[in-house]
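The values are calculated or read from the model by the stated rules, or taken from the named source; none is laboratory data. All figures in this text were calculated on a predicted structure; none of them were measured in a lab. Virtual Cβ from ideal backbone geometry, glycine too; neighbours counted across all protein chains shown.
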């Protein structure tokens, strides 16, 4: 059973990207980065479409979406920081650059 099964019924595209990221972590980390970012993009777009408390930022790219103050307030500091890490790690992967993954001591982000 996937840790993302709860998403499958209502948010199938987010579930699919999240599950592909999990499946690719060990055999292909670059692909995992891509699908992790994709899941974040889909989630962010859904939030902006359905939560009227969110104000659209000056640009519609992922970085602008997560840095918009109403988004940061809604999701909190911990999730905001994780979203920043996803963007930072996934951007070089999408541009074909090699990324060295150095796990932190706790093994968590």
Name the pairs whose Cβ atoms lie under 6 Å apart, with the first residue in segment 78-93 and modelled with pLDDT of 95 or more, the second surrounded by fewer than 14 Cβ atoms within 10 Å (Cβ to Cβ), and 6 or more positions between them or separate chains?
82/109
When residue 97 is run through (1) surrounded by 12 or more Cβ atoms within 10 Å (Cβ to Cβ); (2) modelled with pLDDT under 80, the failure sits at (1)
Residue by residue through segment 40-53, note down the ones that are more than 19 Å from residue 82 (Cα to Cα) and surrounded by 12 or more Cβ atoms within 10 Å (Cβ to Cβ).
none
Considering each residue of segment 48-68, count those that are touching a residue at least 12 places away in the same chain (Cβ under 8 Å), assigned to a helix (DSSP H, G or I) and out of contact with any helix residue (DSSP H, G or I) (no Cβ under 8 Å at 6 or more places or on another chain), and give that number.
0
